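The values are calculated or read from the model by the stated rules, or taken from the named source; none is laboratory data. Quick caveat, the model's predicted, so the values are computed rather than measured. Cβ: placed from backbone, ideal geometry, glycine included. Neighbour counts: every protein chain shown. Protein only, heavy atoms only, side chains kept; ligands, DNA and RNA dropped before computing areas. Shrake-Rupley method; radii C 1.70, N 1.55, O 1.52, S 1.80 Å.
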Amino acid sequence: AIKTTILNPELMELIASSSASMRVNNAADGYNKIALLYRAVEIRVDALYRIPIYVYDENDNEIDEYPFEESMSLVEFVKLIEISLLLAGKSVTLEQQDARGETIGLQYLNPFTVTVEKKRLSYTNGDKEFGLTFTQQTNEGRFPKNKPFWTQDEILYIREFDPNEDVKEATSAANRALPDARSSMYISKFIEVFFKSGAMPITIVTVPEGQPGDPQ
(Lines give C-alpha, C1' and ligand atoms only; values in the text may rest on other atoms or scores of the structure.)
Protein backbone atom coordinates (compact mmCIF):
# COMPACT_ATOMS: atom_id res chain seq x y z
CA ALA A 1 0.00 0.00 0.00
CA ILE A 2 1.27 3.49 -0.82
CA LYS A 3 0.26 6.64 0.95
CA THR A 4 0.68 9.76 -1.16
CA THR A 5 0.45 13.45 -0.30
CA ILE A 6 -1.06 15.75 -2.91
CA LEU A 7 0.37 19.27 -3.17
CA ASN A 8 -2.15 21.51 -1.47
CA PRO A 9 -3.08 25.01 -2.69
CA GLU A 10 -1.09 26.66 0.09
CA LEU A 11 2.06 24.85 -1.01
CA MET A 12 1.52 25.81 -4.63
CA GLU A 13 1.08 29.44 -3.58
CA LEU A 14 4.34 29.36 -1.62
CA ILE A 15 6.19 27.90 -4.61
CA ALA A 16 4.75 30.57 -6.89
CA SER A 17 5.70 33.37 -4.51
CA SER A 18 9.25 32.02 -4.34
CA SER A 19 9.68 31.85 -8.12
CA ALA A 20 11.40 35.24 -8.37
CA SER A 21 14.03 34.38 -5.78
CA MET A 22 14.52 30.97 -7.42
CA ARG A 23 15.13 32.39 -10.88
CA VAL A 24 18.78 32.14 -11.93
CA ASN A 25 19.44 33.89 -15.24
CA ASN A 26 23.23 33.77 -15.46
CA ALA A 27 26.44 32.99 -13.60
CA ALA A 28 26.24 36.21 -11.56
CA ASP A 29 22.80 35.17 -10.30
CA GLY A 30 24.14 31.72 -9.55
CA TYR A 31 27.04 33.11 -7.52
CA ASN A 32 24.63 35.19 -5.43
CA LYS A 33 21.90 32.56 -4.98
CA ILE A 34 23.42 29.07 -5.17
CA ALA A 35 25.56 28.16 -2.18
CA LEU A 36 27.24 25.29 -4.04
CA LEU A 37 28.41 27.55 -6.87
CA TYR A 38 29.52 30.31 -4.49
CA ARG A 39 31.57 27.87 -2.45
CA ALA A 40 33.20 26.34 -5.54
CA VAL A 41 34.36 29.78 -6.70
CA GLU A 42 35.67 30.70 -3.24
CA ILE A 43 37.68 27.46 -3.01
CA ARG A 44 39.43 28.27 -6.29
CA VAL A 45 40.14 31.84 -5.20
CA ASP A 46 41.37 30.87 -1.74
CA ALA A 47 43.79 28.39 -3.31
CA LEU A 48 45.55 31.28 -5.08
CA TYR A 49 46.47 32.83 -1.73
CA ARG A 50 48.72 29.86 -1.03
CA ILE A 51 50.74 30.32 -4.22
CA PRO A 52 53.72 32.72 -4.01
CA ILE A 53 53.40 35.71 -6.36
CA TYR A 54 56.40 37.42 -7.92
CA VAL A 55 56.34 40.68 -9.88
CA TYR A 56 58.73 41.44 -12.74
CA ASP A 57 59.42 44.54 -14.81
CA GLU A 58 59.48 44.72 -18.59
CA ASN A 59 63.08 43.41 -18.58
CA ASP A 60 62.11 40.30 -16.58
CA ASN A 61 63.84 41.60 -13.47
CA GLU A 62 62.09 40.80 -10.21
CA ILE A 63 60.99 43.90 -8.32
CA ASP A 64 60.58 44.23 -4.57
CA GLU A 65 57.33 46.21 -4.55
CA TYR A 66 54.15 45.93 -6.53
CA PRO A 67 53.82 49.47 -8.01
CA PHE A 68 50.03 49.89 -7.84
CA GLU A 69 49.43 48.86 -4.23
CA GLU A 70 47.69 52.12 -3.35
CA SER A 71 45.02 51.78 -6.04
CA MET A 72 44.56 48.00 -5.74
CA SER A 73 46.51 45.53 -3.63
CA LEU A 74 48.15 42.65 -5.47
CA VAL A 75 46.19 40.05 -3.50
CA GLU A 76 42.91 41.78 -4.31
CA PHE A 77 43.93 42.15 -7.95
CA VAL A 78 44.62 38.43 -8.36
CA LYS A 79 41.40 37.55 -6.54
CA LEU A 80 39.26 39.75 -8.77
CA ILE A 81 40.86 38.40 -11.94
CA GLU A 82 40.16 34.81 -10.90
CA ILE A 83 36.55 35.50 -9.87
CA SER A 84 35.94 37.34 -13.14
CA LEU A 85 37.33 34.49 -15.24
CA LEU A 86 35.33 31.88 -13.34
CA LEU A 87 32.03 33.75 -13.54
CA ALA A 88 32.22 35.86 -16.70
CA GLY A 89 34.97 34.22 -18.76
CA LYS A 90 36.86 37.52 -18.91
CA SER A 91 38.63 40.02 -16.67
CA VAL A 92 38.75 43.74 -17.46
CA THR A 93 40.99 46.20 -15.60
CA LEU A 94 41.31 49.87 -16.50
CA GLU A 95 44.79 51.35 -16.34
CA GLN A 96 44.65 54.79 -14.73
CA GLN A 97 47.05 56.95 -16.70
CA ASP A 98 48.56 60.37 -16.20
CA ALA A 99 48.86 63.12 -18.83
CA ARG A 100 51.95 61.45 -20.32
CA GLY A 101 50.18 58.12 -20.74
CA GLU A 102 52.04 56.45 -17.88
CA THR A 103 50.07 53.94 -15.82
CA ILE A 104 49.77 55.17 -12.24
CA GLY A 105 47.03 52.89 -10.89
CA LEU A 106 44.48 50.18 -11.64
CA GLN A 107 40.67 50.17 -11.54
CA TYR A 108 38.73 46.92 -11.63
CA LEU A 109 35.71 46.89 -13.95
CA ASN A 110 32.81 44.54 -13.38
CA PRO A 111 33.09 42.19 -16.39
CA PHE A 112 29.31 41.77 -16.61
CA THR A 113 28.99 45.50 -17.35
CA VAL A 114 31.71 45.69 -20.02
CA THR A 115 31.17 45.17 -23.76
CA VAL A 116 34.17 44.15 -25.88
CA GLU A 117 34.13 44.74 -29.62
CA LYS A 118 36.54 44.71 -32.52
CA LYS A 119 36.37 47.97 -34.48
CA ARG A 120 38.25 49.95 -37.07
CA LEU A 121 40.26 52.55 -35.22
CA SER A 122 42.12 54.51 -37.89
CA TYR A 123 43.75 54.51 -41.29
CA THR A 124 47.52 54.25 -41.69
CA ASN A 125 49.07 54.44 -45.17
CA GLY A 126 45.73 53.53 -46.65
CA ASP A 127 45.40 50.37 -44.56
CA LYS A 128 42.60 49.77 -42.08
CA GLU A 129 43.68 49.25 -38.50
CA PHE A 130 41.46 47.22 -36.21
CA GLY A 131 41.61 46.79 -32.47
CA LEU A 132 39.57 45.87 -29.42
CA THR A 133 37.37 48.52 -27.84
CA PHE A 134 35.76 48.53 -24.40
CA THR A 135 32.67 50.30 -23.05
CA GLN A 136 30.94 49.97 -19.70
CA GLN A 137 27.25 50.38 -18.90
CA THR A 138 26.29 50.70 -15.22
CA ASN A 139 23.46 52.21 -13.21
CA GLU A 140 25.43 55.45 -13.22
CA GLY A 141 25.56 55.57 -17.01
CA ARG A 142 27.91 54.75 -19.83
CA PHE A 143 31.70 54.89 -19.57
CA PRO A 144 34.06 56.35 -20.61
CA LYS A 145 32.36 59.73 -20.44
CA ASN A 146 34.80 61.81 -22.47
CA LYS A 147 35.28 59.56 -25.52
CA PRO A 148 33.53 56.74 -27.42
CA PHE A 149 35.48 53.84 -25.87
CA TRP A 150 38.66 52.62 -24.22
CA THR A 151 41.29 50.86 -26.33
CA GLN A 152 43.70 48.02 -25.59
CA ASP A 153 46.33 50.58 -24.61
CA GLU A 154 44.20 51.45 -21.57
CA ILE A 155 42.77 48.06 -20.61
CA LEU A 156 44.31 44.92 -19.16
CA TYR A 157 42.08 42.31 -20.80
CA ILE A 158 42.29 38.61 -19.90
CA ARG A 159 39.86 36.07 -21.31
CA GLU A 160 39.32 32.34 -21.14
CA PHE A 161 40.05 30.32 -24.27
CA ASP A 162 37.18 29.66 -26.64
CA PRO A 163 37.73 27.73 -29.90
CA ASN A 164 34.89 29.65 -31.53
CA GLU A 165 35.55 33.19 -30.29
CA ASP A 166 38.63 35.39 -30.61
CA VAL A 167 37.39 38.65 -29.10
CA LYS A 168 34.57 38.34 -26.61
CA GLU A 169 34.49 36.33 -23.45
CA ALA A 170 34.40 32.54 -23.56
CA THR A 171 31.84 30.41 -21.79
CA SER A 172 32.91 30.59 -18.16
CA ALA A 173 33.36 27.67 -15.79
CA ALA A 174 30.35 28.88 -13.78
CA ASN A 175 28.12 28.95 -16.86
CA ARG A 176 29.16 25.41 -17.73
CA ALA A 177 28.23 24.26 -14.23
CA LEU A 178 25.08 26.38 -14.01
CA PRO A 179 22.49 23.80 -15.18
CA ASP A 180 23.53 21.28 -12.51
CA ALA A 181 23.91 23.97 -9.84
CA ARG A 182 20.49 25.41 -10.72
CA SER A 183 18.85 21.98 -10.47
CA SER A 184 20.44 21.46 -7.05
CA MET A 185 19.05 24.79 -5.84
CA TYR A 186 15.55 24.06 -7.19
CA ILE A 187 15.45 20.70 -5.43
CA SER A 188 16.58 22.21 -2.11
CA LYS A 189 14.12 25.09 -2.41
CA PHE A 190 11.23 22.78 -3.25
CA ILE A 191 11.94 20.60 -0.21
CA GLU A 192 12.17 23.69 2.00
CA VAL A 193 8.83 25.05 0.79
CA PHE A 194 7.25 21.57 0.86
CA PHE A 195 7.84 21.05 4.56
CA LYS A 196 7.30 24.71 5.42
CA SER A 197 3.70 24.29 4.27
CA GLY A 198 3.16 21.52 6.81
CA ALA A 199 3.12 18.69 4.30
CA MET A 200 4.13 15.23 5.42
CA PRO A 201 6.69 13.23 3.48
CA ILE A 202 5.54 10.50 1.14
CA THR A 203 5.57 7.16 2.94
CA ILE A 204 5.93 3.79 1.23
CA VAL A 205 4.78 0.71 3.13
CA THR A 206 5.66 -2.73 1.76
CA VAL A 207 3.11 -5.46 2.54
CA PRO A 208 3.98 -9.15 1.99
CA GLU A 209 1.96 -10.89 -0.67
CA GLY A 210 -0.88 -13.05 0.62
CA GLN A 211 -0.70 -16.85 0.44
CA PRO A 212 -3.42 -19.10 -1.02
CA GLY A 213 -6.09 -19.79 1.58
CA ASP A 214 -5.32 -16.68 3.65
CA PRO A 215 -8.39 -14.71 4.76
CA GLN A 216 -9.12 -11.71 2.61
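List the number of the failed condition for Val24; all other conditions in (1) surrounded by 14 or more Cβ atoms within 10 Å (Cβ to Cβ); (2) part of a loop (DSSP other than H, G, I, E, B); (3) modelled with pLDDT of 90 or more hold.
(3)
For the subset of region 153-162 comprising residues that are open to solvent by less than 100 Å² (accessible area, probe 1.4 Å) and either modelled with pLDDT under 90 or assigned to a loop (DSSP other than H, G, I, E, B) (or both), which member is nearest to Arg100 (Cα to Cα)? Talk me through it step by step, then tell me what you get.
Taking region 153-162 as the starting set, the residues that turn out to be open to solvent by less than 100 Å² (accessible area, probe 1.4 Å) are 154-160, 162.
Next, only the ones that are either modelled with pLDDT under 90 or assigned to a loop (DSSP other than H, G, I, E, B) (or both) stay: 154, 160, 162.
On the way: Glu154: 13, Glu160: 32, Asp162: 36 Å.
By that ranking, first place goes to Glu154.
If you check Arg39, Arg44, Arg50, which single one turns out to be touching a residue at least 12 places away in the same chain (Cβ under 8 Å), over 30 Å from Pro148 (Cβ atoms) and among the charged types (D, E, K, R)? If you could, list the steps in order and put the result at the bottom.
Numbers: Arg39 fails: touching a residue at least 12 places away in the same chain (Cβ under 8 Å); Arg50 fails: touching a residue at least 12 places away in the same chain (Cβ under 8 Å).
After applying the criteria, what remains is Arg44.
Phe143 - would you say it is of a type in the set (A, V, I, L, M, F, W, C), at pLDDT 85 or above and touching a strand residue (DSSP E or B) at 6+ places or on another chain (Cβ under 6 Å)?
On the way: of a type in the set (A, V, I, L, M, F, W, C): yes; at pLDDT 85 or above: yes; touching a strand residue (DSSP E or B) at 6+ places or on another chain (Cβ under 6 Å): yes.
Yes: the conditions hold for Phe143.
Going by the conditions given, is Phe130 open to solvent by 20 Å² or more (accessible area, probe 1.4 Å) and either at pLDDT 90 or above or over 27 Å from Asn26 (Cα atoms) (or both)?
Details: open to solvent by 20 Å² or more (accessible area, probe 1.4 Å): yes; either at pLDDT 90 or above or over 27 Å from Asn26 (Cα atoms) (or both): yes.
Yes.
Inside region 66-119, can you point out the residues that are in contact with a Leu (Cβ under 6 Å, 6 or more places away or on another chain), small (Gly, Ala, Ser) and in contact (Cβ under 8 Å) with a residue 60 or more places away in the chain?
Correct list: Ser91 only.
Inspect region 79-101 for any residue being open to solvent by 80 Å² or more (accessible area, probe 1.4 Å) and more than 30 Å from Ala35 (Cβ to Cβ) and give the result as yes or no.
Here is the first cut: in region 79-101, the residues open to solvent by 80 Å² or more (accessible area, probe 1.4 Å) are 99-100.
Those still in the list that are more than 30 Å from Ala35 (Cβ to Cβ) too: 99-100.
Checked against the condition, which is being open to solvent by 80 Å² or more (accessible area, probe 1.4 Å) and more than 30 Å from Ala35 (Cβ to Cβ), region 79-101 yields at least one hit.
Among the residues of region 68-104, count how many are closer than 17 Å to Arg159 by Cβ, of a type in the set (Val, Ile, Thr) and assigned to a strand (DSSP E or B).
Summing the residues that are closer than 17 Å to Arg159 by Cβ, of a type in the set (Val, Ile, Thr) and assigned to a strand (DSSP E or B) in region 68-104 gives 2.
Please enumerate the residues belonging to region 29-41 that are over 22 Å from Thr113 (Cβ atoms) and either at pLDDT 90 or above or not in a helix (DSSP H, G or I) (or both). So that I can check it myself, show each step before the final result.
Quick first cut of region 29-41, residues over 22 Å from Thr113 (Cβ atoms) only: 35-36, 39-40.
Selection gives Arg39, Ala40.
Residue by residue through region 42-85, note down the ones that are within 24 Å of Ser172 (Cα to Cα) and touching a strand residue (DSSP E or B) at 6+ places or on another chain (Cβ under 7 Å).
Phe77, Leu80, Ile81, Ser84, Leu85
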